[in-house]
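Asks: Can you keep this structure in mind? I'll have questions shortly.
Rule-based calculations on the coordinates, nothing more; no lab input. What you are looking at is a predicted structure, and each value in this text was computed from that prediction instead of being measured. Cβ coordinates were reconstructed from backbone atoms using ideal geometry, including for glycine residues, and neighbour counts include every protein chain displayed.
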Amino acid sequence: MARRRRQLRWYERPLERLAKTRAGGWYFLNVAMPIDRRLLPLTNGRISCSPGQQVGLLRTVGAKSGAPRETPLLYVTDGDRIVLIASKAGAAKHPAWLHNLRKDPNVSFLAPSGRTGEYVAHEAEGAERDRLWAEAVDYYAGYDTYQGRAGAREIPVVVLERV
C-alpha cells in the first residue's frame, strides 16, 4: 500500500485496527449500523457510532420489496460527489444496498456539510474506479483488508452525483 496522506488522530489508529478485524467488521455491521440508522437522522448526520469517520445515511428503495431502506455507510468525497465502497466488511457477497441501487439508482443521502440531498448512483469502472479506490483506502485502510477477505469478488466503488 502507498504511503498514506490522511493523518489519523491518536484515537483513530486503534479504532481503525479494530474495525479491520473480523470482530470489528461484525460490530460495525450488526451493532453500529442499527444504532446509526436512528442516530444519524436525529443529529442531522453529525454523530455516529464511528468516531472520527465520515458516516452518512444512504436511502434506497428495496429491489425486491419496494420498501424504503436506510443504510449507514462510511463515505469519502470527490469534489461534489459522494463515494461509497460496497465492502460489507469483506463478505463474499455484495451488500443489499448495492442491489437496491442497481435496480433504482435514484437515492438520497444524509450527511453534514451541505451534502444531504438527492443523488443518482453509478458504479465506477476502469481508471476512475482505481483512483477512487485509492482515495478510499487512504481514508480507511481497512478496505484493502476487506478486498483480501472478499476473495474473487471485486469490491464495487459507487459514485453518487447530485441530481
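Asks: Where in the chain are the helices, taken as whole DSSP H runs, whose Cα atoms extend 18 angstrom or more along the long axis and whose Kyte-Doolittle mean reaches at least -1.0? Each step should come with its number before you reach the end.
Replies: Values: long enough: 126-139 (20 Å, -0.87).
Going by DSSP H runs, the hits are 126-139.
Asks: In whole Å, what is the distance between the alpha-carbon centres of region 99-163 and region 1-36?
Replies: 17 Å
Asks: With a Förster radius of 25 Å, plug the Cβ-Cβ distance of residue 27 and residue 154 into 1/(1 + (r/R0)^6) and report the FRET value to the nearest 0.05. Each step should come with its number before you reach the end.
Replies: Values: r = 25 Å, r/R0 = 1.00.
So the FRET efficiency works out to roughly 0.50.
Asks: Just need the relative contact order of the chain here, percent rounded to a whole number, with Cα pairs under 8 Å and 6+ apart.
Replies: On the way: 260 pairs, mean separation 40.5, N = 163.
Once normalised by length, the contact order is 25 percent.
Asks: Would you calculate the volume per residue, in Å³, of the smallest convex hull containing every Cα atom of region 30-114? List each step's numbers first, then the result.
Replies: On the way: hull volume 9.2 nm³, N = 85.
Each residue corresponds to 109 Å³ of Cα convex hull volume.
Asks: OK, next. Give me the dipole magnitude in Debye, nearest 20, for the chain about the Cα centre, with unit charges on the beta carbon: positive for Lys and Arg, negative for Asp and Glu. If you can, show how the numbers build up before the last one.
Replies: Details: 26 positive and 17 negative charges, 112 e Å.
Approximately 540 debye in magnitude.
Asks: Something else about it: By the scheme Lys and Arg +1, Asp and Glu -1, what is the net charge of all other residues having a beta-carbon under 10 Å from that of residue 153? All intermediate terms of the calculation are to be shown ahead of the outcome.
Replies: Working: positive: 88, 93, 149; negative: 154.
Net local charge, residue 153 excluded: +2.
Asks: Within a 10 angstrom radius of the beta carbon, how do 36, 138 rank from fewest other beta carbons to most?
Replies: On the way: 36 24, 138 16.
Going from least to most buried by this count: 138, 36.
Asks: Moving on to the next point. Starting from the Cα of residue 96, move 7 Å in the Cα-to-Cβ direction to define the label point; list residues of region 50-64 whose amide nitrogen is under 13 Å from there.
Replies: 60-64
Asks: Here is a follow-up. Please state, as a whole number in µm²/s, the translational diffusion coefficient that the Stokes-Einstein equation yields for region 12-162 at 10 °C and 1.306 mPa s, with Rh defined as the Kirkwood radius across alpha carbon pairs. Walk me through the numbers on the way to the answer.
Replies: Working: Rh = 15.4 Å.
Diffusion coefficient, whole number: 103 µm²/s.
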